[in-house]
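Q: Structure incoming, see below.
The values are calculated or read from the model by the stated rules, or taken from the named source; none is laboratory data. Owing to the predicted nature of the structure, the values given are computational and were not obtained by experimental measurement. Here the Cβ is made from the backbone with ideal geometry for all residues, glycine too, and neighbour counts use every protein chain on show. Ligands, DNA and RNA are excluded from the accessible area calculation, which covers all protein heavy atoms including side chains. Shrake-Rupley method; radii C 1.70, N 1.55, O 1.52, S 1.80 Å.
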Amino acid sequence: RRRAEAAAAEGNERMATARLAVVQKDACRVKAELHSAEALMPDLEGQKQIAAAGKNFKEAARLAAEIKALQARCDELRHSQLRLVEQTADADSDAAEAAAAAEAAQARIAGAVKEAAVAQE
């Protein structure tokens, strides 16, 4: 019975650790995408100013729309970052709790083995 509990606790620990890794990977992906999007902004702004100065209003309008869409995407990514920070904290907590439960289950097994050995003496 104790071995089954330990196996279940270790399975829960593996699942919690895997969930944490997935959330952390997503957080890295979102951070990289946000950084790339933010890096494009100054160039697009500059192109828009050049187009407007050259009275190429059609191109300036296209660039303004592209900038607006990119800003919206950056806002979405920032929101995702906040959500992923919360998910990371939750997953980290779950993994720590699962590790503690697995350790406690192993300790109960070790205690039972020790009791059995003492009883045989």
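Q: Of the conditions (1) more than 34 Å from the chain's Cα centre (by Cα); (2) open to solvent by less than 80 Å² (accessible area, probe 1.4 Å), ALA89 clears all except one; give me its number.
A: Among (1) more than 34 Å from the chain's Cα centre (by Cα); (2) open to solvent by less than 80 Å² (accessible area, probe 1.4 Å), the lone unmet condition for ALA89 is (1).
Q: Exactly one condition in (1) more than 30 Å from ALA7 (Cβ to Cβ); (2) touching a helix residue (DSSP H, G or I) at 6+ places or on another chain (Cβ under 6 Å) is false for GLN49; which is it?
A: Tallying (1) more than 30 Å from ALA7 (Cβ to Cβ); (2) touching a helix residue (DSSP H, G or I) at 6+ places or on another chain (Cβ under 6 Å), GLN49 fails exactly one: (2).
Q: Given the criteria touching a Lys or Arg at 6+ places or on another chain (Cβ under 7 Å), in contact (Cβ under 8 Å) with a residue 12 or more places away in the chain and among the charged types (D, E, K, R), does ARG2 qualify?
A: yes
Q: Next question. What are the pairs, 6+ residues apart or on separate chains, where a residue within the stretch 24-47 that is assigned to a helix (DSSP H, G or I) has its Cβ under 7 Å from a residue that is open to solvent by 70 Å² or more (accessible area, probe 1.4 Å) and not small (Gly, Ala, Ser)?
A: Pairs that qualify, where the first residue is assigned to a helix (DSSP H, G or I) and the partner is open to solvent by 70 Å² or more (accessible area, probe 1.4 Å) and not small (Gly, Ala, Ser), are LEU34/ARG78; ALA37/ARG73; LEU44/GLU66.
Q: Moving to a separate point now. Please specify each residue of the stretch 28-44 satisfying the condition of being of a type in the set (A, V, I, L, M) and either at pLDDT below 95 or exposed (fewer than 13 other Cβ atoms within 10 Å of the Cβ) (or both).
A: Result: ALA32, ALA39.
Q: Out of (1) loosely packed, with under 13 Cβ neighbours inside 10 Å; (2) part of a helix (DSSP H, G or I), the odd one out for LYS55 is which?
A: Failed condition: (2).
Q: Any residue in the stretch 92-119 that's closer than 17 Å to ARG19 by Cα and part of a helix (DSSP H, G or I): show its pairings with residues that are open to solvent by less than 50 Å² (accessible area, probe 1.4 Å) and at pLDDT 85 or above at Cβ separation under 7 Å, as long as the two are six or more apart or on different chains.
A: Here the result reads ASP92/LEU20; ASP94/ALA16; ALA95/ALA16; ALA95/LEU20; ALA98/ALA16, each pair linking the stretch 92-119 to a residue that is open to solvent by less than 50 Å² (accessible area, probe 1.4 Å) and at pLDDT 85 or above.
Q: Return only the number of the condition from (1) surrounded by 14 or more Cβ atoms within 10 Å (Cβ to Cβ); (2) at pLDDT 95 or above that ARG78 does not satisfy.
A: Exception for ARG78: condition (1).
Q: Identify, from the list ALA51, ALA65, ALA61, the residue that is touching a Leu at 6+ places or on another chain (Cβ under 9 Å) and either modelled with pLDDT of 95 or more or hydroxyl-bearing (Ser, Thr, Tyr) (or both).
A: ALA51
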